[in-house]
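The values are calculated or read from the model by the stated rules, or taken from the named source; none is laboratory data. Computed from a predicted model, the values in this text were never measured in an experiment. Glycine gets a Cβ as well: all are built from the backbone with ideal geometry, and neighbour counts include every protein chain shown.
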Amino acid sequence: MPDAFYKYMSLSTAKIVLENQTLRWTTPATLNDPYDIQFDLRVDFNRDKVMQDALEKTWKVYTGEYVGAEGNGMNAVIQAFREVCPGMTKNFFITGLAEGIAESFKVLDEGITEVNNFARRCLSTSKILCLTDSPKNQLMWAYYADSNKGVVLKFEQEHGADSPYSTAKPVKYREEIPSLFSEDELSDFLAGMIRFDQQRRVDDLIYTKSDAWAHEREWRIYSGDGRDKLAPHEDVKFGSKELTAVILGCRMPEADRVDLAGLVKRSYPHAEILQAATMNHKYQLELKKTEY
């Protein structure tokens, strides 16, 4: 977990954020990555392999080598087999269950639609705060902070306060949208070893982006439906002491620097005011303390 998180923004947005003492939490559909609006989890697996693996694992649950999961229907069936028909041979046992697992695939096909509908409903109303762990990212200064004329705000957990930053999770960058389940996980489920967690599938989508955005080093904080479930975004108050520094872009005009610095000193006198600057004539940034 980083010691601090950063938010890039234009000068005009920074003034609104600092004056209102709010940060905008948004739904995935309003974000910039195609994965954020692609609500369907990928489903692709080798059915023959999953079937064979599930049968083998089912036998091991029956013999006690593997432990079944409470609440899984197949586990209940296996336990009933163990009580009613103890000492079955492996071949007899697997032959008896093969048809049942094949039937499970039909139920699974119907369940896939249900799970994706569940994910779609959740993500359409979920509220997310996007942050990063790096204040020196040139691409982000260019893209999100008005070509280095904008601002980066630094936020930290306020000691003794109920700040949300401890719940932040790093985004995983992938070439493909996450699968609904891996083949190994699916065979575990069909063998009665695990329960199917729909919310975890939603989390997989919330904390996944295309690897084209890996340079952002993004962290996300997820608040469920927020305060207004149907709102596309919410501006939520943050603690004044959570803001610990304001970093001015290296191309910000002097008049804007003076104006913004005055706002910071009036409303957040504890916060440092730093100036981003190029270092050694290279495309690298360093942060310097500045006085206004």
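The residues listed here are 99, 65; of these, the one that is outside any helix (DSSP H, G or I), acidic (Asp, Glu) and surrounded by fewer than 18 Cβ atoms within 10 Å (Cβ to Cβ) is 65.
Which one is surrounded by the fewest Cβ atoms within 10 Å (Cβ to Cβ), of the residues in region 129-174 that are over 15 Å from the mean Cα position of the chain (by Cα) and in a helix (DSSP H, G or I)? Working first, answer last.
The initial filter retains those residues of region 129-174 that are over 15 Å from the mean Cα position of the chain (by Cα), namely 134-163.
Still in the list and also in a helix (DSSP H, G or I): 138-144.
Numbers: 138: 14, 139: 11, 140: 20, 141: 24, 142: 14, 143: 14, 144: 20.
My answer is 139.
Summed over region 68-96, the residues that are under 35 Å from the mean Cα position of the chain (by Cα), in a loop (DSSP other than H, G, I, E, B) and surrounded by fewer than 14 Cβ atoms within 10 Å (Cβ to Cβ) give a count of 2. For residues that are surrounded by fewer than 16 Cβ atoms within 10 Å (Cβ to Cβ) and at pLDDT below 85, scanning just region 176-197, find the one that is nearest to residue 102 (Cα to Cα). That would be 182. For residue 218, the conditions (1) modelled with pLDDT of 90 or more; (2) surrounded by fewer than 17 Cβ atoms within 10 Å (Cβ to Cβ) all hold with the exception of (2).
Restricted to region 31-57, and to residues there that are closer than 16 Å to residue 202 by Cβ, of a type in the set (D, E, K, R) and surrounded by fewer than 17 Cβ atoms within 10 Å (Cβ to Cβ), the residue that is modelled with the highest pLDDT is 42. Looking at region 224-234, which of the residues that are surrounded by fewer than 15 Cβ atoms within 10 Å (Cβ to Cβ) and out of contact with any Phe, Trp or Tyr (no Cβ under 7 Å at 6 or more places or on another chain) is farthest from residue 165 (Cα to Cα)? Only one residue tops the list, namely 230. Any residue in region 257-271 that's on the phi < 0 side of the Ramachandran plot: show its pairings with residues that are part of a loop (DSSP other than H, G, I, E, B) at Cβ separation under 6 Å, as long as the two are six or more apart or on different chains. Listed pairs, sorted by first residue: 258/292; 261/292; 264/271. Would you pick out the residues in region 112-125 that are under 17 Å from residue 195 (Cα atoms) and without any contact (Cβ under 8 Å) to a residue 40 or more places away in the chain? Passing the criteria: only 114. Across region 21-30, a minimum of one residue is classified as assigned to a loop (DSSP other than H, G, I, E, B) and modelled with pLDDT under 90.
Selection of first residues in region 152-177 that are within 23 Å of residue 14 (Cα to Cα) and free of Cβ contacts under 8 Å to residues at least 60 places away in the same chain and of second residues that are in a strand (DSSP E or B) and of a type outside the set (Phe, Trp, Tyr), restricted to Cβ pairs under 7 Å at least 6 apart or on distinct chains, gives the following pairs, ordered by first then second residue: 164/221.
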